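In what follows, a structure is listed as structure tokens, so that the remarks can point back to it.
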Amino acid sequence: MNLVWSTTDLVIGGHAYPEFPILLWDSMESCRPANLFLRYYLLRGAVGSQKSWDPVGRALYDYFSFLQAHELEWDKCDRGEAKSLVAAYRDYSLYTVKLQRSTVRNRLTYVTLFYEYAQRQRWITTLPFGYEDRIVKRKHRLLSHTESSGGRASMRDVMPRAHYNLPKFLSTSEITLLLEAATNVHHNMIVRLALGTGLRKQELATFPLRYIFDPELRGDQSRNVRVTLDPEDGSGMKTKGSKPRVIYISRNLMGNLNFYAKHRRGERASLSRRQHAPLFLNQTGEPYSLDGKGLDRIVRLIGRRAGLEVWGSVPSSGVTAGEATAAFADCYAASS
């Protein structure tokens, strides 16, 4: 089984779809059922981001690779055995490969959606899983007490129960260590903005220069300034699902960002022949990739230098805004 990614030669309805996942058998023939499902599922209007392409494609690739390795056929759903195809794949992923439960749940979601699609296409008559009522936790909302479901919902019976891990945060002292380890002024400001706002790596990579201003020139003297991240304002800002959202940045941090934009960003901007919209540029004066992988590497290296395990590309702080601001100020003063 092979997973490949399309070029611009893949044209559907007059539109090119590069980087679209395609599954091929070892004979290099198309895995037609999987590819038809990918085309149906990923090109719907509800899927607003190409970031969904990779996990869905890899989920089906992993499942079909499992079937191939164990000489099983995907459409033999009524085998008369106690354990179905999908249940066998679930247990193999959990107990043999020892994948994270969240990873297995995500992959099973797409595998079961594939089978439901296959049944609607009449490729199969029986699903390799059933449904059962489970108690689910819902957020309290207006008139929730009038619901007749009793807190129960129909779920696919092959899905393992979700175990939610506690979020991991950096303490105030760890924030100071991380900032002290970020000796490169450009990397230091990336870390500061990440800590102060909780921006996603895609948002950090595309955060526009035009969003930066001198807070002292604004009439508002509040401790935090409001910034709207709007993917449709022409600034090049990218957000999850292309949805606008509002963040708050401390006046102190905005002031530091403004100083950086005026006096230090030019060191990198001058390396490129073109003007770029993002605030942060790489060592060649170009914007970071939209997926933020370059930022991932930078923050992990800084964390390793500080002796910290930094999760993902955006370190999070579990302290209050005031404590984080104080940490920023102390570290900035020490480096001045």
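Restricting attention to the stretch 162-179, does a residue exist that is more than 26 Å from residue 309 (Cα to Cα), among the basic types (Lys, Arg) and modelled with pLDDT under 95? Spell out the reasoning first.
As a first pass, look at the stretch 162-179 and keep what is more than 26 Å from residue 309 (Cα to Cα): none.
No.
Just to check your reading of the model, which residue among 27, 49 is of a type outside the set (Phe, Trp, Tyr) and over 26 Å from the mean Cα position of the chain (by Cα)?
On the way: 49 fails: over 26 Å from the mean Cα position of the chain (by Cα).
After applying the criteria, what remains is 27.
Of the residues 95, 89, 17, which single one is of a type in the set (Phe, Trp, Tyr), loosely packed, with under 15 Cβ neighbours inside 10 Å and in the same structural domain as residue 117 (by TED's automatic domain parsing)?
95
State which residue is farthest from the chain's Cα centre (by Cα) when the search covers only the stretch 197-215 and only residues that are assigned to a loop (DSSP other than H, G, I, E, B) and under 17 Å from residue 254 (Cα atoms). Quick ask: steps written out before the conclusion?
We begin by selecting, within the stretch 197-215, every residue assigned to a loop (DSSP other than H, G, I, E, B); these are 198-200, 207, 212-214.
Next cut, under 17 Å from residue 254 (Cα atoms) only: 198-199, 207, 212-214.
Numbers: 198: 13, 199: 11, 207: 16, 212: 25, 213: 29, 214: 31 Å.
It comes out as 214.
For residues in the stretch 75-86 being in contact (Cβ under 8 Å) with a residue 24 or more places away in the chain and more than 21 Å from residue 160 (Cα to Cα), which is surrounded by the fewest Cβ atoms within 10 Å (Cβ to Cβ)? Working first, answer last.
Restricting attention to the stretch 75-86, the residues satisfying the condition of being in contact (Cβ under 8 Å) with a residue 24 or more places away in the chain are 75, 77-78, 84-86.
Next cut, more than 21 Å from residue 160 (Cα to Cα) only: 75, 78.
Numbers: 75: 14, 78: 12.
Here the residue is 78.
Sort out which residues of the stretch 13-68 are in contact with a Pro (Cβ under 7 Å, 6 or more places away or on another chain) and either aromatic (Phe, Trp, Tyr) or part of a loop (DSSP other than H, G, I, E, B) (or both), and write them in order of number.
53
What's the total number of residues in the stretch 89-105 that are assigned to a helix (DSSP H, G or I) and within 18 Å of residue 68 (Cα to Cα)? Quick ask: steps written out before the conclusion?
Just the residues of the stretch 89-105 that are assigned to a helix (DSSP H, G or I), to begin with: 89-96, 101-105.
When the remaining residues are screened for being within 18 Å of residue 68 (Cα to Cα), the result is 89-93, 96.
Number satisfying all stated conditions: 6.
Within the stretch 33-45, identify whether any single residue is among the polar types (S, T, N, Q), at pLDDT 95 or above and in contact with a strand residue (DSSP E or B) (Cβ under 7 Å, 6 or more places away or on another chain), and answer yes or no. So that I can check it myself, show each step before the final result.
Step one: list which residues in the stretch 33-45 are among the polar types (S, T, N, Q), which gives 35.
Okay, now just the ones that are also at pLDDT 95 or above, so 35.
From what's left, in contact with a strand residue (DSSP E or B) (Cβ under 7 Å, 6 or more places away or on another chain): 35.
Looking for residues that are among the polar types (S, T, N, Q), at pLDDT 95 or above and in contact with a strand residue (DSSP E or B) (Cβ under 7 Å, 6 or more places away or on another chain), one finds at least one in the stretch 33-45, hence yes.
So in the stretch 37-63, with the set limited to residues that are hydrophobic (A, V, I, L, M, F, W, C) and in contact (Cβ under 8 Å) with a residue 12 or more places away in the chain, which one is farthest from residue 290 (Cα to Cα)?
First, the residues of the stretch 37-63 that are hydrophobic (A, V, I, L, M, F, W, C): 37-38, 42-43, 46-47, 53, 56, 59-60.
Next, only the ones that are in contact (Cβ under 8 Å) with a residue 12 or more places away in the chain stay: 37-38, 42-43, 53, 56, 59-60.
Values: 37: 27, 38: 23, 42: 20, 43: 21, 53: 15, 56: 20, 59: 23, 60: 25 Å.
Among them, the one singled out is 37.
For the stretch 216-229, which positions are over 18 Å from the mean Cα position of the chain (by Cα) and either modelled with pLDDT of 95 or more or part of a strand (DSSP E or B) (or both)?
Initially, the stretch 216-229 is screened for residues over 18 Å from the mean Cα position of the chain (by Cα), giving 216-228.
Correct list: 224, 225, 226, 227, 228.
Which of the helices (runs of 4 or more DSSP H) found entirely inside the stretch 239-336 contain at least 2 residues meeting this: modelled with pLDDT of 80 or more and surrounded by 13 or more Cβ atoms within 10 Å (Cβ to Cβ)?
Numbers: elements: 251-263, 266-269, 293-306, 321-335.
The qualifying helices (runs of 4 or more DSSP H) are 251-263, 266-269, 293-306.
Can you pull out every residue in the stretch 171-215 that is under 30 Å from residue 107 (Cβ atoms) and touching a residue at least 60 places away in the same chain (Cβ under 8 Å)? Show your work before the answer.
Of the residues in the stretch 171-215, the ones under 30 Å from residue 107 (Cβ atoms) are 194, 198-206.
Passing the criteria: 194, 198, 199, 200, 201, 202, 204, 205, 206.
The conditions are (1) touching a Gly at 6+ places or on another chain (Cβ under 8 Å); (2) within 16 Å of residue 305 (Cβ to Cβ), and residue 200 fails exactly one of them. Which is it?
(2)
Does residue 75 fit the bill of being part of a helix (DSSP H, G or I), over 25 Å from the mean Cα position of the chain (by Cα) and either among the charged types (D, E, K, R) or assigned by TED's automatic domain parsing to the domain that holds residue 242 (or both)? Break it down stepwise before answering.
On the way: part of a helix (DSSP H, G or I): no; over 25 Å from the mean Cα position of the chain (by Cα): yes; either among the charged types (D, E, K, R) or assigned by TED's automatic domain parsing to the domain that holds residue 242 (or both): yes.
Criteria not met by residue 75.
What pairs come out if I take residues in the stretch 230-243 that are not assigned by TED's automatic domain parsing to the domain that holds residue 49 and pair them with residues that are outside any helix (DSSP H, G or I) and small (Gly, Ala, Ser) whose C-beta lies under 7 Å away, six or more apart or interchain?
235/277; 236/277; 241/48; 241/49; 242/48
The values are calculated or read from the model by the stated rules, or taken from the named source; none is laboratory data. As the structure is a computational prediction, the values presented were derived from the model and not from experiment. No Cβ is skipped: glycine too gets one built from the backbone with ideal geometry, and neighbour counts run over all protein chains shown.
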